[in-house]
1. Relative contact order, percent, of region 74-238 when contacts are C-alpha pairs under 8 Å separated by at least 6 residues?
2. Among 511, 242, 593, which residue has its Cα positioned farthest towards the positive end of the charge dipole of the chain, with +1 placed on the Cβ of Lys and Arg, -1 on the Cβ of Asp and Glu, and the dipole taken about the Cα centre?
3. Would you mind listing how long region 74-238 runs along its three principal axes, going by Cα atoms, in whole Å with the largest first?
4. Cα atoms only, region 574-659: Rg and Dmax in Å?
5. What does the convex hull of the Cα atoms of the chain come to per residue, in Å³, rounded to a whole number?
6. Quote the charge dipole size of region 574-659 about the Cα centre in Debye, to the nearest 20; the model charges only the Cβ of Lys and Arg (+1) and of Asp and Glu (-1).
7. Roughly how tilted is helix 416-428, in degrees to the nearest 10 and between 0 and 90, from the longest Cα axis of the chain?
8. If you take the charge dipole of region 74-238 about its Cα centre, with +1 on Lys and Arg Cβ and -1 on Asp and Glu Cβ, which of 79, 213, 196 is farthest toward its positive end?
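Derivation of every value follows stated rules applied to the coordinates shown; laboratory data play no part. Not measured: the values here are computed from a predicted model. Methodologically, a virtual Cβ is constructed for each residue, glycine included, from the backbone with ideal geometry; neighbour enumeration extends over all protein chains shown.
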Amino acid sequence: MIKIYPALLMLTALLVAWACSSSEKTTKEQRTQNLMLLHDTRPIPYPIDIPGEYLAAIEAGTRTETGAPGEHFWQQYASYDIEATLNPVTKKLEGQMRATYFNQSPDELGRLHMELALNVHRKGVVRARTQDITGGKQIQAVTVNGRRLTEGQNRFPAYVVQGTQLIIYLAEGLPSGGEVEVEIEWTAEIPRRGASGRNGWADDLFFLGYWYPQFSVYDDVYGWFTEPFRGNAEFYHGFADYRLAITMPDDWVVMATGDFLNPDETLAPHVLERYLAAKESDEVIHVITAEDFGRNATAESENGMLTWHFESERVRDVAFSATRKSFWDARRTPVGDLTGDGQTNYSLMNAFYRELAPLWTEMAEYNAHAISFLSEMTGFPYPWPHMTSVEGSTIIGGGMEYPMMTLMGDYNQRGAMALYSVTAHELAHMWFPMIVSTNERIYTWIDEGNTVFATDEARHSRFPEVDKHAGTQQSYISFARNNREGELMRWSDFHYSQQAYGIASYPKPASVLVALRGVIGEDAFWEAYRTIVQEWAFKQMYPWDMFRTFERVSGMDLGWFWRSWYYETWTLNQGIAGLHIEDGESVIRIRDYGNVPMPVLLRITRANGEVNDARISHEHWLTGTRNAEYRAPYTDILRVEIDPDRHFPDIDRNNMVYDIR
């Protein structure tokens, strides 16, 4: 998700504003740097902390020391059959669902946990942000295997609602390999800006996410994950199959996660014809135009209501949109070979937007470019039938992702490139965490850092004149200079400030991925990156799986890298201390003013026009020194520069060039 508010502006130019601006802060920063010069000792990275629960998973064979899933890897599964009716006048949703939970773990379970994310809008619930109080989800009935439960813990079986958790106490333990059927009826008043702008409503528009009770994750490392949703750090969901039936008045157009099963029953004949044409078109088709708004877009109904059906397999979540005065543009885009038959597969790119968002006339094209690019970049073709972007500027300023669905602002004031960037970002989330599932509530940096990195790559493909990663690096560097950042591995909801959360979630982990590529090399980086996606597709990955995969593929011990960048708030600050001639050689003196031990990448320009690259290993700094020398066997050096290709986020590039011209 990209969230737009003063403390967290993802896009590069805005994040730079977080740098110190007052003379008092600048003086303090300079004083800190001067003090560092007095100390030649430096911290040596020690082994990273790996939880005992993760090590136990390795012992059990569900995970491996190489980062790949283990021979005995397991994860839970579920299937949902959900029917919901949304009243656009009262803003009330009435839902009922029948869900089956499959216990694929080796453990017997005495209870089930379900998440009620919209309960962040209940009075008295602990939250990190101000929220409208709408009451959250009101549970009307809970039935387990045909037996209706009472609320409270006095008699079992029973259920209890605690904040954003629904806990079901079973009459009998659910054995390994067993399954249980849960039926729930509920209602919810939809907030105008729900869950910190992740869903809500505006005139003639609804976007619903986190709208149904959803099984919490029970995994092979920690068991039940019950950390509450506080409105800030996001989600950890399991994979499931879904069947949806969404009923609304017949002048609303609905789109949702999954295959659209009944377009012939819900769309007007001429709109249906355009929709089917778009699925075969490489050019944008205007499926719904201004002339179609209202009853002209949908099929006739006998009772003034239409039910829209969708079905999906192996997704983490489902969301739906409902629009009454939105344009609908669509086209297909190639995603690669999904089935291995040598044929190119396609996915439908949808864009729903209102007249107030003129930049969105390019959205279907933006979707198409981003999905095709990211399919190739990750080495994993986009696996789903459609990708739908919904403009909801009066609900959200940035963007929010769901499988096959995203809600984004209009970006009128920020321009076309910013709109493409947020599109690429939200669509990159289809791979992290929708395919490679991660625990966003604890480790936001995994999915957000990966998607910022992917956004930069995709934006450069669309707008080649833009530097790939420099802006993101500068966003991190500007904040790191202030000594107010928090460790990437700090639990997301418990950062020191909202700014620290933002930096640790978005630009820093993206910048660190670029730095990692500079350390292990282009080929090893992309092989490892794509190996992670292939091996952990539709599985739940932890940070140490990612770390170890990069080590396995690169053949390098990177413990120093993980400790320095992920577990500490150390900074990188390499500088050229001088150059002198000695015994017919040029001696280039390097001083490391920071604490992160990184290779020194040198580019040396000679008077004869020759340009040479050299490298001082990171291992040199692991001896505890802050000084290094590189001896060049010639004396006609005109210029020396450290890291000229800007792989590394050095906090002071002013001391990285020695130029005698």
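1. Details: 371 pairs, mean separation 49.4, N = 165.
Result for region 74-238 is 30 percent.
2. The residue sitting most towards the positive pole is 593.
3. Dimensions of region 74-238 along the principal axes of its Cα atoms: 48, 31, 29 Å.
4. 12.4, 37
5. Working: hull volume 116.4 nm³, N = 661.
Output value, Cα hull per residue: 176 Å³.
6. Working: 10 positive and 15 negative charges, 33 e Å.
The dipole of region 574-659 has a size of about 160 debye.
7. Computed tilt is about 70 degrees.
8. 196
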